[in-house]
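Only one structure is covered here, and it is reproduced in the block below.
The values are calculated or read from the model by the stated rules, or taken from the named source; none is laboratory data. Only a predicted model underlies this, so the values are computations on that prediction, with no experimental measurement involved. Positions of Cβ are generated from backbone atoms using ideal geometry, with glycine treated the same way; all protein chains shown enter the neighbour counts. Please note that ligands, DNA and RNA were not included when accessible areas were found on the heavy atoms of the full protein model with its side chains. Shrake-Rupley method; radii C 1.70, N 1.55, O 1.52, S 1.80 Å.
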Amino acid sequence: MSAPGGAAPSAAATASLGRLAQPSPMATLFLTEMWERLSFYGMRALLVLFLVDAVAHGGMGLDVRTATAIYGLYVGATYLTCLPGGWLGDRLLGGQRAVIAGGVLIMLGHLLLGLSQTRGQFFLGLTSIALGTGLLKSNASGMVAQLYPEGGARLDAAFTLYYIGINVGGALGPLACGALAAHYGWRAGFLVAAAGMALGLLQFLWGRRRLGVAGAPPETAQRASWRIPILAALALAVVMALLFAGAIPLGAVQLQSLCTALIVLAAVLYFVYLGWGANLTRLERRHIAVLAVLCAASVLFWAGYEQGGSSLNLFAERDTARVLAGFTVPASWFQSLNPAFILIFAPLFSLLWLALGRRGRDPSSPVKFVLGLAGVALGFLVMAAAARLAAGGHLASMGFLTLTYWLQTAGELCLSPVGMSAVSQLVPRRFVGQSLGLWFMSLALGELLAGAIAGRLGSSSLTALPTGFLDLFWLTAAGAVMLALLTPLLRRWQRQS
């Protein structure tokens, strides 16, 4: 499960984790992240199902295209807000205060979801969670790094622990929120998410004293130019709230298309600037070309991968046989498979990379991206077979979704660990911060496209669903093949020095 600002543990980190002691502040950050992810992924597992459920059953009664557009906008916003959230923590609030402010916004957002009486209040809750996530995620990750100024293996091991916290919370959240929603209604599930964030916030306040200077507010001299950025951030928050609340007459599907176009335009313009306007050497331009290809592959990967929370979630609800020994498994529980698989298989993948590295055969970044796309593609091939069963009038076995989520997880473990690392290594040092922002933009763009794709799949007839999943297989498989064909060139350009 990839999270804003995080990646799967590296091979070196996993290998060193067992023998490297960690300072006590790591417990505070680990638990903060665990509870925040429990609330985030617990609510995320319910969101699309709630939006499309009939009003008579406690849902919002939206059509599938609108619901999945809202899902894509919301998840994409949680990536984009990490950029201003990190800036506010670094330059104005300090990491500790930013985490507290983010936790409060997230908790209030979940409360709004659980207690809202109108659509406007519900969408205001989504806006609050997205803004809070941007503050908390980026700054909590930053404090992990500040605890280990010497870097090295202890920092790698610390981020591995941190990543474990992400996936423990990600596995427990859908189980807890899904169970309460199934027995007591959607609102109860959202309130469980609020309670999870409240617990995370309380333990952070209790353990904050252990952090020392990590995440302390910046010096006054560093705060001098805060007014324009903070006012811009507030204006953005107001616009997001008005859009979600429906005060600005722009539908979710149209807003999704607009945001997608703006992000694509911004990315293209930035790559044009790097290529022709940034006074780079020929070698640096070749590195930028490699980065552009990897970012395009990232968009395609996340557009397919994020079907897990949208179209695959709907398939679990509507077309999967979920009765096991007399117990009906909530559809939202399938969202726990990905983090559970990561906890199980991440160490095994790390050992595999170590073993290949000792033999001088560790795959390059482009090769790992190819493997990531291949994992997602194979998952859609499995879902096409499941959809054929459903189209024939038979509920699909839970094994289809389980295998699909495992294949997606295997793809994530190949691609996610190298993404941010490749970005930071390919660009000149003076552009690293900006390029990481570009990487987050690729994630956000993938989320927006995922929502659009899910809208088409979810609103298709059952007879058309197998073809829809098969089209996604061919699309992602074609991306993997094209990247594989480009890999020799990319590796040559990447390795030149």
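Run the quick spin-label model on Ser364 and Ala391: label points 7 Å from Cα toward the beta carbon, then report their separation in nm to one decimal.
Result: 4.0 nm between the two label points.
What distance in nm separates the two pseudo spin-label positions at Arg187 and Val264, each 7 Å out from Cα along the beta-carbon direction?
4.1
How much accessible surface area, in Å² rounded to 10, belongs to the heavy atoms of Met60 with a 1.4 Å probe?
Rounded to the nearest 10, that gives 20 Å².
Expressed as a rounded percentage, what relative contact order does the chain have, with Cα pairs under 8 Å and six or more residues apart? Don't skip to the answer; put the middle values down first.
Numbers: 834 pairs, mean separation 123.0, N = 497.
Averaging sequence separation for qualifying contacts and normalising by length gives 25 percent for the chain.
May I ask you to list, by number, the DSSP H helices of the chain whose Cα span along the axis is at least 18 Å and whose average Kyte-Doolittle hydropathy reaches 1.0 or more?
Membrane-span-like by this rule: 25-52, 95-115, 186-207, 227-245, 252-272, 337-358, 365-391, 432-458.
Given a 1.4 Å probe and every protein chain left where it sits, what share in percent of the accessible area of the chain is carbon and sulfur? Could the numbers behind the result be given before it?
Working: 13670 of 20140 Å².
Of the solvent-accessible surface of the chain, carbon and sulfur hold 68 percent.
Could you do me a favour and compute the accessible area per residue for the chain, 1.4 Å probe, result in Å²? Can you show the working numbers first?
Numbers: 20140 Å² over 497 residues.
Per-residue accessible area for the chain comes out at 41 Å².
What does the convex hull of the Cα atoms of the stretch 307-401 come to per residue, in Å³, rounded to a whole number?
112
Taking the Cα centre of the chain as origin, sum charge times position over the Cβ atoms of Lys and Arg (+1) and Asp and Glu (-1), and report the length of that vector in debye to the nearest 20. Walk me through the intermediate numbers first.
Working: 31 positive and 16 negative charges, 219 e Å.
So the dipole magnitude of the chain works out to roughly 1060 debye.
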